[in-house]
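Reading through the structure tokens given below for one structure.
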Amino acid sequence: MTILAFILTFIVMIEHIYIMILEMFFSNTNLAAKTFGVEKELLANRKVQTLFANQGLYNGFLSAGLAWGLFFAGDTFAGSVQVFFLSCVVIAALFGGATSSRGILVKQGLPAVLALVAVLLV
């Protein structure tokens, strides 16, 4: 279960690094438009790009916290750090699913829930 918990948490971390990069540096691309389900013309707006960059920064913090829990926190705190940041991802996915797109529940919420359960069972 320890390996499974690590792999699932690592997947969530990588997913949020990808989202951060897309939102902060490539928000006005066709890939971003397709990923986020919005028209490319909307993403060309400077204010929208700023909002995306801000959102990307938060995703970066989530991935940094998960990296901390996976690689840098001592054995005493690693599980607690992972539980905290995975819980943040689950809460963010619930909010995003309720306010933006139900797809967020599956794309971001489900991997985080699976990782959270695996970490709690270790």
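Here are the numbers for the structure shown:
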| quantity | calculated |
| --- | --- |
| Total residues in the stretch 66-76, condition at pLDDT 95 or above and either polar (S, T, N, Q) or surrounded by fewer than 16 Cβ atoms within 10 Å (Cβ to Cβ) (or both) | 2 |
| Unique residue being closer than 23 Å to ALA115 by Cα and in contact with a His (Cβ under 7 Å, 6 or more places away or on another chain) when the list is SER87, SER80, SER63 | SER63 |
| Residue that is over 30 Å from LEU42 (Cβ atoms) and either over 13 Å from the mean Cα position of the chain (by Cα) or among the basic types (Lys, Arg) (or both), where the choices are ALA115, ALA98, ALA67, ALA78 | ALA78 |
| Matching option when the condition is touching a helix residue (DSSP H, G or I) at 6+ places or on another chain (Cβ under 9 Å), of a type in the set (Ser, Thr, Tyr) and open to solvent by less than 30 Å² (accessible area, probe 1.4 Å), among SER63, SER101 | SER63 |
| Qualifying residue in the stretch 49-56 (condition: open to solvent by 50 Å² or more (accessible area, probe 1.4 Å) and touching a residue at least 24 places away in the same chain (Cβ under 8 Å)) | yes |
| Residues of the stretch 57-94 that turn out to be touching a residue at least 40 places away in the same chain (Cβ under 8 Å), over 25 Å from PHE25 (Cα atoms) and of a type in the set (S, T, N, Q), as a count | 1 |
| When residues of the stretch 28-44 are limited to those that are surrounded by 13 or more Cβ atoms within 10 Å (Cβ to Cβ) and polar (S, T, N, Q), the one nearest to the chain's Cα centre (by Cα) | THR35 |
| Test set (1) modelled with pLDDT under 95; (2) over 15 Å from THR2 (Cα atoms) - VAL113 fails condition number | (1) |
| Residue ID - modelled with the lowest pLDDT, chosen from residues in the stretch 1-27 that are buried (at least 18 other Cβ atoms within 10 Å of the Cβ) and of a type in the set (S, T, N, Q) | SER27 |
| Criterion: over 30 Å from VAL38 (Cα atoms) and touching a helix residue (DSSP H, G or I) at 6+ places or on another chain (Cβ under 6 Å) - qualifying residue of VAL89, VAL81 | VAL81 |
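The values are calculated or read from the model by the stated rules, or taken from the named source; none is laboratory data. Please read these numbers as outputs of a predicted model, since none were measured by experiment. Because the Cβ atoms are built from the backbone with ideal geometry, glycine has one as well, and the counts that use them run over all protein chains shown. These accessible areas exclude ligands, DNA and RNA; they are computed on the full protein's heavy atoms, side chains included. Shrake-Rupley method; radii C 1.70, N 1.55, O 1.52, S 1.80 Å.
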